[in-house]
1. Given the conditions (1) away from ligand 8 (no atom under 16 Å from the Cβ); (2) at pLDDT 95 or above, which single one is not true for A:ILE736?
2. Inside the range B:151-162, can you point out the residues that are more than 10 Å from ligand 7 (Cβ to nearest atom) and surrounded by fewer than 23 Cβ atoms within 10 Å (Cβ to Cβ)?
3. So is A:GLU262 free of Cβ contacts under 8 Å to residues at least 24 places away in the same chain, over 20 Å from B:CYS158 (Cβ atoms) and either touching a Leu at 6+ places or on another chain (Cβ under 6 Å) or assigned by TED's automatic domain parsing to the domain that holds A:GLY364 (or both) or not?
4. Only one residue in A:SER764, A:SER758, A:SER750 is more than 22 Å from B:LEU53 (Cβ to Cβ), among the small types (Gly, Ala, Ser) and touching a residue at least 40 places away in the same chain (Cβ under 8 Å). Which one?
5. Just one of C:ARG68, C:ARG109, C:ARG35 is more than 8 Å from chain B (Cβ to nearest Cβ), among the charged types (D, E, K, R) and touching a residue at least 24 places away in the same chain (Cβ under 8 Å); which is it?
6. If I ask for residues that are more than 20 Å from the chain's Cα centre (by Cα) and modelled with pLDDT of 90 or more, which ones from the range A:446-467 would you list?
7. List the pairs whose first member sits in the range A:83-104 and is under 20 Å from A:TYR590 (Cα atoms), whose second member is in a helix (DSSP H, G or I) and at pLDDT 95 or above, and whose Cβ atoms are under 8 Å apart, counting only residues at least 6 apart or on separate chains?
8. Any chance you could count how many residues in the range A:744-759 are farther than 19 Å from A:THR192 by Cβ, buried (at least 24 other Cβ atoms within 10 Å of the Cβ) and at the interface with another protein chain (Cβ under 9 Å from one of its Cβ atoms)?
Amino acid sequence: MPSTASKPTANKDDVWIPSVCGMCYNQCGILAHRVDGTLVKIEGNPASPYGNGRLCARGLAGIQVLYDPHRVNYPLKRTNPNKGIGEDPRWQRIGWDEAMDIVVEKLAAVRDDDPDKLFMTGTVLSLAPLNHTLGTFMPAFGSSNILISDGHQCGNAEHILARTLHASVTTNPDVDYTNYLLLFGCQPGLGTYYAMTTMAQKIADARARGMKLVVVDPYLSTAAEKADEWVPIKPGSDGALACAMLNLLLNEYDIYDRGYLEHHTDAPYLVGTDGYYHRDTDTGKPMVWDLAAETARIFDDEDLVRPAIVGSFKLEAETFKPAFQMLKERVTKWTPELASEITTIPIDTIRRLAREFGEAAQVGSTIMIDGVELPFRPAATLYFKGAHGHDNAWPTSLAIELLCEVVGASNVPGGLLGTNPVAFGHPDTKLPRWQPKASKDGLIEAGTLGKNEPMGPSSNWPPEPTGADTASLIDLIGWPITTCTAPATLNDPENFPSITRPAVLLNYGSNLLMSAAQPEASFEAFKDAFVINVNIYSDETAEALADIVLPDTCYLERLDPVPNWLRHHHPVGLGDWGYQIRQPIVEPMYERRHFSEVMLEVSRRLGITETLNLATNLMYGLTAPQSLAADEDYTLEEIGDRIYQNWFGPEHGLDWFRKHGVLTWPKQVEEVYWKPFSVGRAQIYNEWVVRSGEKIKQIAEERSLPGIKTDGFVPLPDWWPCRAFDQRPGYDMQAIYYRVPWHSFSQTYSTPWLDEISQGEQYSYFICINTQTAATKGLNDNDLVRIVSADGGNVEGRLRLTQGVHPGVLAIANNGGHWAHGLPFAKGKGVFFNQLLPMDLEHMDLVSLTMDCDARVRIEKVGG
Amino acid sequence: MRLGMVIDLKRCIGCYGCQIACKAENGTRPGTTYARVLKREFGTYPNVKKQSLPLLCMHCGDAPCIEVCPTGASQKRSDGIVFIDADMCVGCRACMMACPYAARYFQDEERNYFGVGMAPTAYEVSRYQDHQSGVVEKCDFCRHRLDQDKEPACVANCMCKARIFGNLDDPESEVSRLIKEESGFQLNAEWGTDPSVYYLPAER
Amino acid sequence: MTISETRSISRQMTSQPDYLDLRRQDLNSTYRPQREWIEGRGILIVIAHFFAGIGAGAWIFSILFDYRVGEIMAVVSIGLSGLAHLAFLGRWQRFLRILARPNSSWVSRGMWGTLLYGIGALVYFLPGVRDTLMGSISLGISLFGVTLVLLCSGYVYSVSKAIPFWHTVLVPILYIAYGLRGGVALLLVAAVFGGSSLDIDTMETIKLWVLASTIVLILFYLIIANRSGGAASYSVHELVAGRISVAFYGGTIGIGILVPLALAIGREFGLAGMLTLGIIGFASLIGDFYVKYCVVKAGTYVPLGDAVGPVSPKIV
Ligand SMILES: Nc1nc2c(c(=O)[nH]1)N[C@H]1C(S)=C(S)[C@@H](COP(=O)(O)OP(=O)(O)OC[C@H]3O[C@@H](n4cnc5c(=O)[nH]c(N)nc54)[C@H](O)[C@@H]3O)O[C@H]1N2
Ligand SMILES: Nc1nc2c(c(=O)[nH]1)N[C@H]1C(S)=C(S)[C@@H](COP(=O)(O)OP(=O)(O)OC[C@H]3O[C@@H](n4cnc5c(=O)[nH]c(N)nc54)[C@H](O)[C@@H]3O)O[C@H]1N2
Ligand code: SF4
Ligand code: SF4
Ligand code: SF4
Ligand code: SF4
Ligand code: SF4
Ligand SMILES: [Mo]
């Protein structure tokens, strides 16, 4: 087998090329060393604020993706008429011409019929081409059926609150100043999450300086390993802990930031017994109670002296309470005793955590940074996958977020920061720029870049529920940023008779059969569609479903203009802004082709270039002279050049970026710690959820959709058990998954250097069980066991006994256990967790479309 | 001058980045990990700690590997770097028996990463040229990088800046300062090997 | 195909660990076994030291008893030992480099021993040399050589501070004792098949003495090692109750000690015949191989990583 297609040049070729990593969504800056046409080393690019020259194990190992002999190198056509899991597709190599003819023909037919019958899904592993296509091709084509890499498992719930509280897509703690960091089921800078490599440096510095790190996690994860205190918790119960902490802070310790709540949140907004803000009849604006005048006023009334945030006020025979009062009352039932029973955390610990957190916030203190005086709240929480990955995601996330809000530790030094919600732009051009505003209600209105900015914070909030005809439920529940809920609705024709069914699935990378839930569900949903799989491997999804596979370039073989989305994975805090370029280190090997370029050609042949160009202009905010003309064909290089020139001036075009790799300039204090300078208020009381919930309920009733339940649409924090929480007869344990720093989901199990780590490390290829629990069950280390899910599905693996896991929990790393023929190296390594998770709306939080990612299970011994 | 390293166990998160940084720098064969990480648990639930311990050749001041080497292939430079001259090594592996830190790897066969029977990738063809088989290999503090005024790869890449490199003989150097101020210790000093790699305790 | 069939996870991974998997697992285990000198081609080291030991013993006794057949067997044994060494190294073109460091390396010294022995024996065997001054000198050199060989094969192990089970002077003593015992055994076997002028009774007495001393030595060695704790007692555990116990009980104890002992006692009670003697010799030889095999295989490195813990766990 030829190992490389690039020809050695006559002159010795020896160059370091700046580019961008693509082994996870963080897009760290890299320098790639090419010698005689071969990539021989990847290092971090010290000039890039994405990692500052330091990479994680995955980023360094990317070479093995480029040269993996198991990659897909040619377009493939299925010759086995049977689709199915474990089926050998019997790929036949075809030429690109034939492949393009097939693809264009299929797409043209769908477009003629109903564009919404084109579904597209993709992987966050290859973020740049995915975003580009979602933002340009899909709108141009006219389909809104976008499902992304399993948002129902990913960050949906957090992203909503990042939008309403932080005007961004996500958040990160300000560890440059935090003294107390409380993590609920996540590992920022400790192995995972956004801006991993930069956060790792910041968190190490913070810990060295004495920041206290507390990690709430059922498993002794990489993050918990470094914690000053590991707080093992029963999975799915984080909301109860956070509610109890809120109760202690607000009703017992009396620790909260009155000034912040008054000015920067809806805390004073009066809420009626109907659950809605009390609004001024003329303007429709929310009202507050003016303590001085003893009367209700519009929240932005100039005469307002001091709004009440506690108390209860009678107006025209009706009682209204400020949102903050509602919150205080809502959490009273959450005594530490009750929370302790639910979470299995000792009462004293809960009390102590609340007190420590509250005191660490130093309510009232200020700090001077770069000559600007700012509120100083050096206490932060962060939560992600572990805490919100349950069907109680919404109230849980809200409870944890509000811990920061009530002490004012939000978007000020030391607190929880939105991921770059304010950008003044490059000093020369003032672009790209965005900034939150206040809505009519005075609430945070996130700024956006272009109109179609994919996965950006939406400015129109909340989208109005209109119907239930889209499989992703985007017309019904339109605010989650990513959704892969489609299998749940598609597989339930009785409840969703009218939804558009997919005629063609364009799958860019996502291995949804493995990453979504039980693979049978994803298979069932798309088995009747014509499936175009664009991938670098022939993975499980391709082999079970695809009719045709297009060989993509990997990130080291392609050009991706602006791979960075600054509100996703750019580090928070002061430091540099940075825009980068991803460029080919070697020419695409074999017949691999860049997906973005393929889609440009597809658009051309479909005759949608005009709308595509328009969508591109909108997405990147391109203005004349750089905006794309309607009637012209552009190459990806030309588009990239225009984006760069549009944003950074003619001197900073594509060629400049190719040469320099990254353009940086310093952040300003007002960009980073923007809250004191902003007018939009964060929402403590989520009136929009009440409103949307009622609308959704109404639609569900009209259309008789019993699967759509709106009990979870609560405006304030709460907790209820997730599906896997309570024991069912015979099922006595909960199974969870966690990430390790050296694997990304399922893809990196193909990467030998990373596999070598797992082979040497004793946990990540095993099922971790508490040593004492194993003893009571007569189980031993290395036993072959089967885990059987109470909701169907089972999986086998070997046991690892450890003291570092909650006694009621089985913990499994990432997403292993591949079975595809096309992944011989990865096959059978690790454990396939998702077989335990069913895919249906019952296991989902409908506010955020988040799935319960833990399973109620029992364990059986299979062999020694 | 005595070159040495400090590994701050408080900063290290056990991410295995150093293991791969070293692989990437030195293009070593499967199974050879000049830099590697051990994880150990202490205590019982819920009072349990997991501790990661990054390892590499300790560049011992009193190096047993050199003492037992019959050919003189294992040597020490005047700056304290212990290295192996592959052209002199006969692969007797006496040094592997003597090294208590498991820092040495015998290159037995020409294996490739994608498995038995797989052709070497272009990358492997290029990088394995630098490695003989039938000899023992180990960390040499990235001599070639030091020549170019760069830090060792595992140091330059560590995301947590848990590895610091410098001159132990210079009391002003950062390594010396850290060892002094933060109670640096050698791993198993009782073995009498006098390592040039020091650790800073995980807990202050 | 059902789904669970397509996914019989980890089973594949752990059922048939190959050399590389083992090496990776070893690096993370608390008690890391040494494998380089026992597994795969590593067994050649044990074979080499086995032949070196019995060859050296046989040479000494052959000279002592002026037994020609024995002399030849000694030369052959030591030759085989040399070949096994070369085969282990694989890069025989370079093996002479091993002579470079006799001042610090026991491997080097052992090589010198072999070389000196070879030269001495070669000259000694030259026609007409034996009874001359030259003969005495060459004999002296050869004896010096084999003594070095005998000493070194044990010291090669005992210098390894990293492997506490080996790191004791008892190992060289054991190797010397077993070398001598093996030498006698080789001569016994030679006597049975080669016919001889050998004083069988003296030989047998020596044999019994050495046998007794090896029993005492082994016991002593195991008890001491077991008391040293850590890796050394882990090694003992591997021998008496672990991975190596079959070889230890079957080879070292059973064939190597009990069979010769039983037959020797049997001879006292009239179980006569050269064949018995031959069996005693043969069993002793096997025992000699197994004692080395067991000692080498039980080699376990000092544990790493415990040095940084236990860190005081916070009381939650
Ligand atoms: N190394 C690495 N980094 C990554 C990724 C990767 O695959 N690998 N993926 C990227 C992506 S797409 C994402 S979404 C992020 C995810 O980033 P994180 O959310 O930080 O990811 P996890 O490691 O899965 O964190 C979940 C943690 O929650 C714990 N947990 C599970 N259930 C519960 C629970 O009920 N309560 C609590 N408190 N904890 C629980 C798990 O044990 C685990 O330690 O990481 C990104 N970065
Ligand atoms: N058990 C378990 N399940 C999980 C998670 C988990 O940690 N554990 N994490 C959940 C989360 S938060 C997420 S975001 C999802 C992620 O889910 P996915 O995005 O589906 O991630 P993977 O399973 O790694 O599959 C990635 C696919 O992308 C392909 N790929 C990689 N690079 C490229 C490229 O450059 N071009 C193309 N065309 N394809 C490429 C790979 O070959 C692979 O098939 O998984 C979710 N599911
Ligand atoms: S964090 Fe992600 S993008 Fe950054 S180096 Fe690691 S794998 Fe690459
Ligand atoms: S790279 Fe640094 S933080 Fe990661 S394991 Fe190595 S020493 Fe520790
Ligand atoms: S750690 Fe081992 S190889 Fe390195 S100098 Fe010390 S004894 Fe030699
Ligand atoms: S293997 Fe090489 S370096 Fe090691 S002792 Fe033998 S000759 Fe020396
Ligand atoms: S100093 Fe260089 S050779 Fe040694 S472990 Fe670090 S990267 Fe590897
Ligand atoms: Mo994700």
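The values are calculated or read from the model by the stated rules, or taken from the named source; none is laboratory data. Keep in mind it's a predicted model, so treat the numbers as computed, not measured. As a convention, Cβ positions derive from the backbone with ideal geometry for all residues, glycine included, and neighbour counts pool all protein chains shown.
1. (1)
2. Passing the criteria: only B:LYS161.
3. no
4. A:SER750
5. C:ARG109
6. Hits for the range A:446-467 are A:GLU464, A:PRO465, A:THR466, A:GLY467.
7. Matching pairs, first to second residue: A:MET100/A:VAL598; A:MET100/A:GLU601; A:MET100/A:VAL602; A:MET100/A:ARG605.
8. The number of residues fulfilling the criteria is 1.
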